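*Asks:* Okay, handing you the structure first.
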Amino acid sequence: MCSSRVASYCLNIPLITSKDDQLIILPTWIGPLAMVSLMGSPKYQGSNTREIISCLWSPLDCELTFSFSPFVSPILFPSASQTLALSVSHVSAITSSAHPSIRALSCALLHPNEPSCMRTYITFFLNAVPTFAKFFTVMFGLFSLPRYKLFFNDPVKEIDRLAKQVLRMTMFISGALGTSWGSICLFQYLLPRTFMPTKRWFWGGFLGGIWGFLERKTGRDHFLYMTRISIDSLWKVGVKRRWWRSGKNGDVWVFVMSLMLLNAVYELNPSAVTSSAVRKTLGMLRGEGWVDRVKTVDNEIDDEA
Amino acid sequence: MKKSPNLRLSVSISLVLLLHRVLHRFFTRLRANLLTKDAAPFRRRNPRISRALTARLAPAVGASLAGFALGVYPGDQLRLTVAIYLATRAAEFAYNALEDDGWFKNRPWWFGSWMLMPPVLGQLFHAFLYDRDCLQV
């Protein structure tokens with residue numbers, strides 16, 4: 001109980017560095033489900049959304065190629081006895097009233113009311129950008145409250161900086177989500193059915209990740225946070241699929257090696273350890289006390305104040 | 001003790017802290033003693049060991065052996081999270097140190113940590129669809 005709570009705290013911890021109020025948000029990977037509900041179809045807001053999605057793309061529950069099969073509209077062919085394979089028949093609630101000119105089954109599931117994939121993609125952005133912009137304005141606004149003095153000194157510059165931060169993050173998140181899910185339709189259109197049926201989801205996410213370019217200057221903490229989640233899930237996927245064995249105390253060895261590297265870096269170049277909290281922790285570990293050996297600009301300002 | 005993970009957590013963290021400080025002090029004093037004039041015969045007789053123990057990084061690396069005290073805590077999600085966190089932080093600071101030393105002087109303007117995002121989001125998207133139980137959602 002305690003360990004899982006502490007673990008989730010570790011994943012949710014916001015990091016505020018001393019030079020900029022960069023922070024770690026995105027406590028859970030809510031993205032894809034948020035995207036699906038943002039599509040606007042009321043049928044998605046049921047509790048069986050996850051089962052639908054996992055059934056369509058899971059090779060364990062049903063045959064994979066069903067998601068790439070052509071869509072036969074029961075509206076156009078009412079006399080056809082069975083337009084959906086039996087194992088996916090529970091999604092007929094969505095697909096039976098889908099637009100008849102939709103070509104593929106996955107498109108019928110993702111955007112049943114809109115025959116054009118491109119229009120769905122653009123509509124997603126039109127819906128998502130204001131929503132995320134509002135969310136991030138509140139979030140970044142709250143986190144810049146401790147720096148209210150700067151707002152009094154130079155309001156235009158600070159508001160400009162805050163606005164750019166909000167916009168960059170909004171475009172990154174909405175772009176990543178939209179492109180990842182839109183790539184399903186894109187690959188359906190471009191690639192033949194049997195080409196890379198499972199790997200294409202990785203490349204879809206890859207395309208979405210390119211939006212990270214927008215945050216290249218300020219986003220390192222966010223990127224590292226997502227990388228940690230990814231390493232964690234990759235490890236578990238590897239254990240599940242038997243790519244590697246789950247060793248008994250491998251994480252302790254990783255901990256020791258990382259601590260060695262950290263101590264070595266701190267010894268040779270203390271200012272390379274850019275987090276003041278980590279420097280102070282290392283000072284504690286060495287018996288120097290909760291002190292920061294490195295004088296940075298912010299430390300000097302703090303000392304003068 | 002084996003039954004209470006909370007107790008094992010506190011014992012583990014305290015042991016890491018204690019052993020790190022003890023080992024750091026031990027290796028620092030050992031290094032200082034080995035560098036005195038009186039220790040010259042020992043240094044002559046055991047060149048490799050004395051080179052290892054008088055290296056500048058010897059106390060730092062030796063003190064890190066205290067990390068094995070993390071093994072006191074049972075091997076569950078928290079230990080995995082801590083290990084991954086420390087590994088990525090150490091790699092980030094090592095990258096900063098190499099950058100300060102000028103190893104990445106000639107990188108192109110578009111090179112950066114954002115390049116982590118495409119494979120990361122690809123893996124997360126794939127895992128979201130196929131291996132939902134491996135994601136901490």
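The values are calculated or read from the model by the stated rules, or taken from the named source; none is laboratory data. Every value quoted in this text rests on a predicted model; they were computed, and no experiment measured them. FYI the Cβ positions are ideal-geometry reconstructions off the backbone, even for glycines, and counts take in every protein chain you see.
Rundown of residues vs (1) closer than 21 Å to residue A:258 by Cβ; (2) touching a helix residue (DSSP H, G or I) at 6+ places or on another chain (Cβ under 6 Å); (3) crowded, with 20+ Cβ neighbours inside 10 Å, yes/no style:
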site	(1), (2), (3)
B:24	yes, yes, yes
B:41	no, no, no
B:121	no, yes, yes
B:131	no, yes, no
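*Asks:* How many residues does the range B:75-96 contain that are of a type in the set (Gly, Ala, Ser), closer than 30 Å to residue B:114 by Cα and either at pLDDT below 90 or surrounded by fewer than 18 Cβ atoms within 10 Å (Cβ to Cβ) (or both)? Steps first, please.
*Replies:* Taking the range B:75-96 as the starting set, the residues that turn out to be of a type in the set (Gly, Ala, Ser) are B:75, B:83, B:87, B:90-91, B:94.
Those still in the list that are closer than 30 Å to residue B:114 by Cα too: B:83, B:87, B:90-91, B:94.
The next check asks that each one be either at pLDDT below 90 or surrounded by fewer than 18 Cβ atoms within 10 Å (Cβ to Cβ) (or both); those that pass are B:91.
Total meeting the criteria: 1.
*Asks:* Mind checking which pairs have a first residue in the range B:108-137 that is more than 7 Å from chain A (Cβ to nearest Cβ) and a second that is among the hydrophobic types (A, V, I, L, M, F, W, C), Cβ under 6 Å, 6 or more apart or different chains?
*Replies:* As it stands, the answer is none, since no pair meets every condition given.
*Asks:* For residue A:205, state whether it is over 15 Å from residue B:113 (Cβ atoms), part of a helix (DSSP H, G or I), at the interface with another protein chain (Cβ under 7 Å from one of its Cβ atoms) and of a type outside the set (A, V, I, L, M). So that I can check it myself, show each step before the final result.
*Replies:* Working: over 15 Å from residue B:113 (Cβ atoms): yes; part of a helix (DSSP H, G or I): yes; at the interface with another protein chain (Cβ under 7 Å from one of its Cβ atoms): yes; of a type outside the set (A, V, I, L, M): yes.
When the stated conditions are applied, residue A:205 passes them.
*Asks:* Any chance the range B:62-74 includes a residue that's more than 8 Å from chain A (Cβ to nearest Cβ), touching a Ser or Thr at 6+ places or on another chain (Cβ under 8 Å), among the β-branched types (Val, Ile, Thr) and surrounded by 13 or more Cβ atoms within 10 Å (Cβ to Cβ)?
*Replies:* Looking through the range B:62-74, at least one residue is more than 8 Å from chain A (Cβ to nearest Cβ), touching a Ser or Thr at 6+ places or on another chain (Cβ under 8 Å), among the β-branched types (Val, Ile, Thr) and surrounded by 13 or more Cβ atoms within 10 Å (Cβ to Cβ).
*Asks:* Which residue pairs have Cβ atoms under 6 Å apart, sit 6 or more places apart or on different chains, and have a first residue in the range B:65-82 that is free of Cβ contacts under 8 Å to residues at least 40 places away in the same chain and a second that is among the charged types (D, E, K, R) and assigned to a helix (DSSP H, G or I)?
*Replies:* Filtered contacts from the range B:65-82: B:79/A:251; B:80/A:251.
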